[in-house]
Every structure is written in structure tokens, then in C-alpha cells.
Amino acid sequence: MAYNNILTSLEDNILVISINRESKLNALTIETLKEIKEAVDEAQTNDDVHGMILTGVGEKAFAAGADISEFAHFNTEQATRMSADGHDVMNSIENGNKIVIAAVNGFALGGGCELAMACHLRVASSNAKFGQPEVNLGVPPGYGGTQRLVQLIGKGKAMELLLTGDAIDAQTALSLGLTNKVVESADLLNEAKALLKKICSKSPSAVNKVIKCVNDYFRPNVNGMQREIYEFGEAFETADFQEGTDAFLNKRKPNFRAE
Ligand code: COA
């Protein structure tokens, strides 16, 4: 599919989606987010894609937020639609069957930080900066930042970042659990790919069940423990379970993706 704001490349069963608005620090227009959702949704049903990496073109920014010039004149109705559509994008990443890793190559501010947080894991370059500066613009975050930041780093620190609008560097993000790893810029994509390949070598159905169970922890009115009991039971009648247990008992490596 042809896109205006993102680049996609598929290699070794890994789809790399790169936000391609470098001169605007990969600021997220509504169309950009729509294209990210289209690419992610298409990949969910494409057997050639085992996992995804989301990154930004260039070394300066993953995404410096929603595109301020686009929404500066929005009214309540337009802004509410913008936020709801943005939530759909984030939810489709977070709740999808396939792992998405954010390779955070610089600024991840506002919507950029929210996009990175919707991914299952984050690998950051040493020059990365994370923050939710929306209070400087007169708005709260609108793409899930008030919820996912609390989930990832706890209420106290999340409140501090959300209320001050301060950005934090990669090492601080690592110490708070906002990123899983920090690597040199030059190694970022390879490190993200290595982590993704490791996960993709595990049982895809078990990985999918882990995503569902962990996400249910945060859903109001859903019992995550019950979900785990259900998914555990369901796993026993999958081909992956046969393969995994047979491999262990026969002292061989499992191959969950045999043709
Ligand atoms: N929306 C729209 N355009 C953006 C943008 C955003 N969120 N972030 C950066 N840009 C644009 C700038 O307007 C500039 O465009 P121009 O060259 O046409 O003037 C270009 O990207 C480069 O940004 P610039 O500000 O010159 O880079 P810098 O290195 O001096 O500063 C930042 C980098 C990230 C500190 C600064 O761009 C910034 O504060 N951006 C906004 C962050 C923000 O508030 N995000 C939350 C939005 S909800």
C-alpha cells in the first residue's frame, strides 16, 4: 500500500514502520496516525509478518507529538474526534495479536510518547527524550497518556511528568520502566530487531495469550485472573503446546513456525 507519511519495509518477517516527516520531527498528523493504524491492522492478518517495529525517520525524533499546526484551530467536536480516533490507533497496537516494539530514536513527546507507550515494549537510543508537554499547550494528553503513563511508571512519577510537562532522558526512562532498554543510536534498529526475533521464536499463541492477560489487568470490570485461567486451559489444545512440550521432552529446540 502507498502511504504519504510512513515508510514500511518487510525483512526477515519483521515489518518496520517508520514515521516519515523528519523535517517536522515526525509530528503526528491525523493522516499519519491513520496510516500507522492501516499498516498495523494489515500486518495482523499477514502471515509473513511475525512482529513489528515502530520508529521515526532520522536521528532526532521518534515523534515530537501530535501536529500542533493541524489541531491549533480545532473546536471541541473536532478535538474529541481527534482524541477518540487516536485512542483507536493506540488500542489497535496494544490489543493486536502481534508484538509491536517502539524503537525510540530521539524525541518521544506528547502523542509520540503515547504512541511508544501503546507498543508492547520500548527500546530507546541514548539521545531519546520522553515527555508529555501538553500542559504547556493548555490541554491534557489526548492519546491515552494519562492512563498508560500511570500504568507504566506509577501514579507519583506519572503525575510529576504530566503536571510539569518536563521531558526525561533515556537513562531516567530506563530507571522508571518507561523504556525496556537503552542502546547507542547506531545500534537501535538492530537491538530492537534482536529483541523482536527472540520473542517471535517463542510460541505465537502463547505470546498472544500473554498480551491478552496482561492487558486485562488494566481493564475495569474484567477479571484478569479468570482470563489467565481461561487462556491457560485453552493453550493445552493448541499445536504450539504440543510442539513446545514435545520439544522439551525430546531434548530439542521447539519450532513453532514450521511450514
Ligand atoms: N507539531 C508540529 N510541528 C512540530 C512539532 C509538533 N508537535 N514538533 C516540532 N515541529 C516542527 C517545528 O515547528 C519545526 O518546523 P519548521 O522548521 O517548519 O519551523 C520543526 O518541526 C523542527 O522543530 P524545532 O522546534 O525547530 O526543533 P528544536 O530542535 O528547536 O526543538 C522540540 C525540538 C521537540 C523541543 C520542539 O520542536 C518542540 O517543543 N516541539 C513540540 C513538542 C510538543 O509540545 N509536543 C506535544 C504536542 S501535543
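The values are calculated or read from the model by the stated rules, or taken from the named source; none is laboratory data. No experiment lies behind these values; they were computed from the predicted model shown. In this analysis, Cβ positions are derived from the backbone assuming ideal geometry, glycine residues included, and neighbour counts consider all displayed protein chains. The protein model used for the area step is the full one, side chains on, heavy atoms only, and it has no ligands, DNA or RNA in it. Shrake-Rupley method; radii C 1.70, N 1.55, O 1.52, S 1.80 Å.
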Any chance you could count how many residues in the stretch 111-139 are more than 26 Å from K212 (Cα to Cα) and within 10 Å of the ligand (Cβ to nearest atom)? 9
The one condition S175 fails out of (1) in a loop (DSSP other than H, G, I, E, B); (2) free of Cβ contacts under 8 Å to residues at least 12 places away in the same chain is (1)
Of (1) away from the ligand (no atom under 16 Å from the Cβ); (2) open to solvent by 70 Å² or more (accessible area, probe 1.4 Å); (3) in contact (Cβ under 8 Å) with a residue 12 or more places away in the chain, L163 fails just (1)
For the stretch 39-146, give me every one of the helices (runs of 4 or more DSSP H) that falls completely inside it and has 2 or more residues that are over 28 Å from K197 (Cα atoms). 68-71, 76-94
Would the stretch 87-99 turn up any residue that is within 13 Å of the ligand (Cβ to nearest atom) and either touching a residue at least 40 places away in the same chain (Cβ under 8 Å) or aromatic (F, W, Y) (or both)? no
Residue that is surrounded by the most Cβ atoms within 10 Å (Cβ to Cβ) [pool: residues in the stretch 51-86 that are without any contact (Cβ under 8 Å) to a residue 60 or more places away in the chain and acidic (D, E)]: D67
